[in-house]
Every structure is written in structure tokens, then in C-alpha cells.
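Here is the structure we will look at.
Every number here is computed from the coordinates shown, using simple stated rules; none is lab data. Source: prediction; values computed, not measured. Cβ: placed from backbone, ideal geometry, glycine included. Neighbour counts: every protein chain shown.
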Amino acid sequence: MMDATTLILAVTTVANAEQADRLVALVLRQRLAACVSLQPLRSHYVWNGEQHCDDEIQVLFKTTSRQVELLRDCVLSQHPYDLPEWLCWSAEASPAYATWASAQIS
């Protein structure tokens, strides 16, 4: 069981800032995350047997355990990739930040 200061961090990547901004706007409008951070990065991976290296935008969502499944369903249904990255984990937040985040989502 998670306590009141535990938040869920979830991450995906998209090809560009426009795609990221569309996902962020949708998620915040639906109140599925309290905050979303964007970070440019370069991803190296193997796809269909070939090595790739692409510039992407990492999208980090801060949400609660109550909303993480709805967040996942929303993001994956709107994601532009055939096989989107979706990773999530719990994180201990300060009591003040956790209270603020929970209020934004509920």
C-alpha cells in the first residue's frame, strides 16, 4: 500500500516537441497527471533488426496510483509510435508536493 507521499512517475518518448505538447495538453486537461516534464534526448535502440539513433523528447508524468492506469490508457491510445515506451515506478515525494499533486489530479 502506498502512503500519502508516494507518487507514480511514468515515462514515454515521442519524436518531437509538437507530439509531446499534444500528449501533455490532453493529459493535463483530463487531470491524469499533476505535472509533466519534457527533456530532449538521443535514443539508441534496435528496431526490426536494425540499429537506430534518434533525437526524441522524453515525457515524464507525475501522477498517483489511482490515476496511473487511466494515464497509461490515454497516453498509449494517443501515442504516435507503433510500440511506445511506457515505464512507471513509485517515488517518495515531500508531503507538500504530494498534497499539491494529488489536489491537481482529483
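List of remarks:
- Positive contributions from Lys and Arg (+1) and negative ones from Asp and Glu (-1), summed over other residues with Cβ under 12 Å from the Cβ of residue 90, come out at -1.
- Acute angle (nearest 10 degrees) that the helix 17-29 long axis makes with the longest principal axis of the chain, alpha-carbon atoms: 30
- Where GluC sites (Glu not before Pro) fall in DSSP loop in region 46-99, at most 15 other Cβ within 10 Å: 85
- Tilt relative to the chain, helix 95-105 - C-alpha long axis, 0 to 90 degrees, to 10: 70
- Helix-only CD estimate at 222 nm, as mean residue ellipticity for the chain, using -39500 (n - 2.57) per DSSP H run (n ≥ 4): -10000 deg cm²/dmol
- Within a Gaussian network of the chain (alpha carbon springs, distance under 10 Å), most fluctuating of 53, 74, 88: 53
- Volume of the convex hull of the chain (Cα atoms only), normalised per residue: 103 Å³.
- Neighbours of residue 58, meaning other residues whose beta-carbon lies under 13 angstrom from its beta-carbon, give a summed charge of -3 when Lys and Arg score +1 and Asp and Glu score -1.
- Nearest-ten-degree value, helix 68-78 long axis tilted from longest Cα axis of the chain: 30
- Scanning the chain for chymotrypsin sites (Phe, Trp or Tyr not before Pro) in DSSP loops with at most 14 neighbouring Cβ atoms within 10 Å leaves 1-80 as the longest stretch between them.
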